[in-house]
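Notes follow the structure.
Just so it is clear, none of the values below were taken in a lab; they were calculated from the coordinates. These numbers come from a predicted model, not from an experiment. Methodologically, a virtual Cβ is constructed for each residue, glycine included, from the backbone with ideal geometry; neighbour enumeration extends over all protein chains shown.
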């Protein structure tokens, strides 16, 4: 089906006007930083106005009182990850939340002291695990083990399961691999790990907002994520965590004032009164202005429906890879083929990837480069049309046929 015909059938087409998309530009980097929506701008301004209007009383007054804002928003985020409202908390960042989850759930013994990760994971997750192990007096060389990729882009399920040995305490994996876009089998991995007595956590950075999840039903022990990619919360926006309710009896490894029972928080008692549910795993005062844009973005997700978003995302990425395969055979598609094995972006490998990305930017198409050789393209359901995808493929074909990428340096920018 042609791109124009697909655009006519697109039930989410009108949402593009909700976002600030630069003129004559195709933004394909929403898996790294989502665009600002008009509603996010409005809710950010609304929270700024509440400070201006109420001062200190903004904690308890106004349309969105700050004191309970994190809990209110968490209940709305929960359906997007398939969790109960009390299992989700909007707080921290991916890295700080990994530290909190490991501090709380990782209880090493002489027999079980290994944290199992993978060699394709985002560096910050690895840094967090290494530093956490050192804080426990453990040697990361001995107690952090990596599942090895066979091709440098994807992970095999059997390789993950094979590493679930008796000395593993926790398995921490990404839901979607950032380099290739591979979606891991969350439920199958979790069940297999639990049979071996291993707790399971997932980093949902590249899946939340792009697809539905069923964390509670799958039995996942914990998860962490950011909101500034597919969720469009803005740069550095407050992240989120999920803790299955069976663990809610645990004291937070890193306790802080906002993890207190809200009814007693202002008693100023030095004895910590733990909040019920995932709220206990907050640490410091919520960053109100960093949370505010997500208020507007959440409205869009609630209206559009995450299943509709996933359906369009799959259509967009399927069209993209089909067009690139036909028009730009020089690029190697490294993303798994099947719908249930891929996230919201397609990754192409090429030795000149950095230069190709710069040529795309020159043509007002915004890609994402990942060293050493990956071009990531993420058509976002809210603000990418099927005609936009066709334009990207055409521009890639022109760049490769005319070798215009050779006009650019192969040196990486700090942010590509």
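At a glance:
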| read-out | value |
| --- | --- |
| Segment residue 270-residue 371, extension gain: residue separation times 0.36 nm, minus the distance between their alpha carbons | 31.5 nm |
| Angle between the chain longest axis and helix 123-135 axis [Cα atoms, degrees, rounded to 10] | 30 degrees |
| Helix 38-54 vs. the chain, principal-axis angle (Cα, 0 to 90°, nearest 10) | 30 degrees |
| Cα-based Rg / Dmax (Å) for segment 316-416 | 12.7, 39 |
| Protection proxy ranking of 389-399, 133-143, 86-96 - average other beta-carbon atoms within 10 Å, highest first | 86-96, 389-399, 133-143 |
| Estimated FRET transfer efficiency when R0 is 25 angstrom, pair residue 257-residue 287 (beta carbons, to 0.05) | 0.95 |
| For segment 1-79: Kirkwood Rh in Å [reciprocal of mean 1/r, alpha carbons] | 15.8 Å |
| Segment 334-385: radius of gyration over Cα atoms, expressed as a fraction of 2.2 N^0.38 Å | 1.20 |
| Global size of segment 130-176 as Cα Rg and Dmax, reported in angstrom | 12.2, 34 |
| Å³ per residue enclosed by the Cα convex hull of the chain | 144 Å³ |
| P(r), alpha carbons of segment 237-318 - 5 Å bins starting at zero, rounded % | 3, 12, 16, 15, 15, 14, 10, 7, 4, 2, 1, 0 |
| Spatial separation of Cα centroids for segment 263-277 and segment 373-411, in angstrom | 53 Å |
| Average Cα contact separation per residue, the chain, under 8 Å, 6 or more apart, as relative contact order % | 22 percent |
| For q = 0.13, 0.28, 0.31 Å⁻¹, Debye-computed log10 I/I(0) when each Cα of segment 1-47 counts as one equal scatterer | -0.41, -1.11, -1.12 |
| Translational diffusion coefficient (Stokes-Einstein; Kirkwood radius from C-alpha pairs) of segment 191-333 at 20 °C, 1.002 mPa s, in µm²/s | 118 µm²/s |
| √(5λ) per eigenvalue of the Cα gyration tensor, segment 1-148, largest first, Å | 38, 27, 15 |
| Stretchable slack from residue 364 to residue 22, in nm (0.36 nm times residue separation minus alpha-carbon distance) | 122.2 nm |
| Among beta bridges that DSSP assigns inside the chain, antiparallel share in %, nearest 5 | 50 percent |
| Geometric extent, Cα atoms of segment 88-203 - Rg, Dmax (angstrom) | 13.4, 36 |
| Helix-derived mean residue ellipticity, 222 nm - over the chain, DSSP H n ≥ 4, -39500 (n - 2.57), to 500 | -11500 deg cm²/dmol |
| Computed lengthening from residue 326 to residue 72, 0.36 nm per intervening residue step minus Cα-Cα distance | 86.7 nm |
| Segment 214-268 - convex hull of the alpha-carbon atoms, volume per residue in Å³ | 132 Å³ |
